[in-house]
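What follows is a short report on a single structure.
The values are calculated or read from the model by the stated rules, or taken from the named source; none is laboratory data. What you see is a predicted model; the values in this text were computed from it and never measured. Cβ coordinates were reconstructed from backbone atoms using ideal geometry, including for glycine residues, and neighbour counts include every protein chain displayed.
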């Protein structure tokens, strides 16, 4: 298992949604900007709700976007 997939499967688990963190829904363009930013991010998907997410390792903030809009924008 590669490190990237390990982080994805670990942080996509429902139990991590219970951690106290600021969650924000962003549009697809802002999400793509976060993907290429210099911020330290890990995947934080909520697949049951069709949301793709990133969690900032420094602040704990979680940024979510609708995967259907992300893939078709």
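So residue 64 passes all but one of these: (1) outside any strand (DSSP E or B); (2) at pLDDT 95 or above; (3) out of contact with any helix residue (DSSP H, G or I) (no Cβ under 7 Å at 6 or more places or on another chain). Which condition number does it fail? All conditions pass for residue 64, except number (1).
Scanning region 19-45 for residues that are in a strand (DSSP E or B) and touching a strand residue (DSSP E or B) at 6+ places or on another chain (Cβ under 6 Å) yields 23, 24, 25, 41, 42. Does residue 10 qualify as being on the phi < 0 side of the Ramachandran plot, at pLDDT below 95 and surrounded by 11 or more Cβ atoms within 10 Å (Cβ to Cβ)? Yes; evaluated as a whole, the condition is true for this residue.
Yes or no, residue by residue, for (1) over 12 Å from residue 63 (Cβ atoms); (2) surrounded by 14 or more Cβ atoms within 10 Å (Cβ to Cβ); (3) at pLDDT below 50:
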{"residue": "6", "(1), (2), (3)": "yes, no, yes"}
{"residue": "24", "(1), (2), (3)": "no, no, no"}
{"residue": "28", "(1), (2), (3)": "no, yes, no"}
{"residue": "34", "(1), (2), (3)": "no, yes, no"}
{"residue": "39", "(1), (2), (3)": "no, yes, no"}
